[in-house]
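Following: one structure in structure tokens, then a few remarks.
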Amino acid sequence: MIELKPIGKQKSIALIAHDNLKDMMVQWCKKNKSVLEKHSLCGTGTTAKRISDATGLDVFAFNSGPLGGDQQIGARIAEGEIDMVIFFSDPLSAHPHDPDVKALLRLAQVFDIPIANNETTADFIITSPYMDKEYPRDLMKVDNQSDVWKNR
């Protein structure tokens, strides 16, 4: 059984944005710089670079999303190294790496971390009193799959 450590006072935050929402992400990071600079930041390739260049924030860059960046972030979620995801995703455009995006969202749910898919949700999360507190979390509870197969 996997035991999850609480989300610490200092959070590791992944910042991701689809191409036509990168400007919005940069503006959001500028607006919230005073909060974000207290935390450890990472992001997918171009998004991380654009945020760093525009804000001066230190944002570690994984690969771009279509080149595996979403999967790299998903792996860090599963390893307990990322505490929160701010992902400005475009629901109205097709993306060749859509399966990777779905996998990332699923991992955020399974490992009980907050995820924002739009600016409003990101604002609610970033202004939460839990941003500067530790927060307990639990692995998503699912029925034992072997019992499901035995009862068929």
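For this structure, a couple of remarks:
- For the chain, the longest principal axis of the Cα atoms and the long axis of helix 45-55 meet at an angle of about 40 degrees.
- ³J(HN,Hα) computed for each position of the range 68-85 - Karplus, 6.51 cos²θ - 1.76 cosθ + 1.60, integer Hz, glycine/proline x: x, x, 4, 5, 4, 5, x, 4, 5, 4, 5, 8, x, 9, 10, 9, 6, 10
- Which of Cys42, Ala54, Gly69, positive extreme of dipole for the range 22-70 (C-beta unit charges): Ala54
- Dipole magnitude (debye, nearest 20) for the chain, charges at Cβ of Lys, Arg, Asp, Glu: 140
- The chain: calculated mean residue ellipticity at 222 nm from DSSP helix runs of at least 4, using -39500 (n - 2.57): -11500 deg cm²/dmol
- Using the Cβ-Cβ distance between Phe60 and Asp98 with R0 = 41 Å, the FRET efficiency computed as 1/(1 + (r/R0)^6) comes to roughly 0.95.
- Built amide H within the under 5 Å cut-off of Ile7, gap 5+: Tyr135, Arg137
- Of all DSSP beta bridges confined to the chain, the antiparallel ones make up roughly 5%.
- Against the chain, whose longest principal axis comes from its Cα atoms, helix 22-31 is set at around 80 degrees.
- Eligible aspartates and glutamates near Lys31 by straight Cα distance, threshold 14 Å, same-chain separation 8 or greater: Asp23, Glu119, Asp123
- Of Gln10, Pro99, Trp28, farthest towards positive along the dipole that unit charges on Lys, Arg, Asp, Glu beta carbons give the chain: Gln10
- Identified option (computed Rg/Rh (Cα atoms, Kirkwood Rh); candidates (1) 0.94; (2) 1.05; (3) 1.00): (3)
- Scanning residues 5 or more positions from Leu41 or on other chains, those with amide H under 5 Å from its amide H are Ile13, Phe60, with H placed 1.01 Å from N in the peptide plane.
- For the pair Lys33 and Arg137, a Förster radius of 30 Å applied to the C-beta separation gives a FRET efficiency near 0.70, rounded to the nearest 0.05.
- Pairs spanning more than 20 Å between alpha-carbon atoms, out of Lys9/Lys49; Lys33/Lys102; Lys11/Lys33; Lys38/Lys133: Lys9/Lys49; Lys33/Lys102.
Here, each number is a calculation from the coordinates, and none is a lab measurement. As the structure is a computational prediction, the values presented were derived from the model and not from experiment. Positions of Cβ are generated from backbone atoms using ideal geometry, with glycine treated the same way; all protein chains shown enter the neighbour counts.
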